[in-house]
Amino acid sequence: MTEIKLIEIREEILKDNLIQADDIRARLKGKKIFLLNLMSSPGSGKTSLILKTISALGSAFRIAVIEGDIESVVDAERVAKTGTPAVQLRTGGACHLDAPMIDSALNKLPLDDLDLVIIENVGNLVCPAEFDTGAMASGVILSIPEGDDKPLKYPLIFTTCQIVIINKMDYLEGSDFDLDAFRQRVRRLNPQIRIIEVSCKTGSGLESWTSWLRDTIEAEFR
């Protein structure tokens, strides 16, 4: 009987990705550039939060953005209008960004003139959580209209992130979103995670978000 050779494709892909992600972290840390990975479902407000972040921290940090989308360059165009360097990664069907993609985008940016690079990952609560991008911190954005049950349905993303940003708090009144239940579900998965409530529309809570980001960056390079 012929011997069957088993090749664990997924394990090898993730291992190779992790090696490159570690290389990215080491390279950026040497340059004192902080890499932040933001993940969420489509329409949760990633681009809006990034634009608010640029507005609030642009005078303190030299910022660039890596945009990930299956198609289109619309989000990169919105960022570029602020004068912020932006690179668009069109995945052509892939539902996540990985370390090789991020490395190719970083090679297009003026790294010697940057302090902070923000990744806007592909809109998806599943695949992006499985691939290390080389980021020094990751956050997940959840909007009120999406419902409070997402930690039950997509636990991995809440386990791998350091912060949860609940966006569109202006929709809370009149909704059935249970904030207490959501917090409990998230903290059962990740007791150390930070949870911040914001509204990009009204500006509520944004100072807490930018303060967390500023403190996290400073702690990384202290």
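The values are calculated or read from the model by the stated rules, or taken from the named source; none is laboratory data. These numbers were taken from a predicted model, which means no experiment stands behind them. FYI the Cβ positions are ideal-geometry reconstructions off the backbone, even for glycines, and counts take in every protein chain you see. Side chains are part of the model used for accessible areas, which takes the heavy atoms of the whole protein and leaves out ligands, DNA and RNA. Shrake-Rupley method; radii C 1.70, N 1.55, O 1.52, S 1.80 Å.
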message: Looking at (1) surrounded by 15 or more Cβ atoms within 10 Å (Cβ to Cβ); (2) modelled with pLDDT of 95 or more; (3) over 19 Å from Cys161 (Cα atoms), which one does Ile50 not meet, given that it meets all the others?
response: (3)
statement: Cβ pairs under 6 Å, 6+ apart or interchain, first in region 109-132 and over 30 Å from Lys153 (Cβ atoms), second in a strand (DSSP E or B) and aromatic (Phe, Trp, Tyr), ordered by first then second residue, are Leu116/Phe34
task: Pairs only if they're at least six apart or on different chains, beta carbon under 8 angstrom, first in region 36-54 and free of Cβ contacts under 8 Å to residues at least 40 places away in the same chain, second part of a strand (DSSP E or B) and surrounded by 21 or more Cβ atoms within 10 Å (Cβ to Cβ); list them, first residue then second.
output: Ile54/Ile63; Ile54/Val65
- prompt: Are any of the residues in region 19-38 open to solvent by less than 50 Å² (accessible area, probe 1.4 Å) and at pLDDT below 95?
  reply: no
query: Pick from region 75-106 the residues that are crowded, with 18+ Cβ neighbours inside 10 Å and of a type in the set (Asp, Glu): which of them is nearest to Ile165 (Cα to Cα)?
result: Asp75
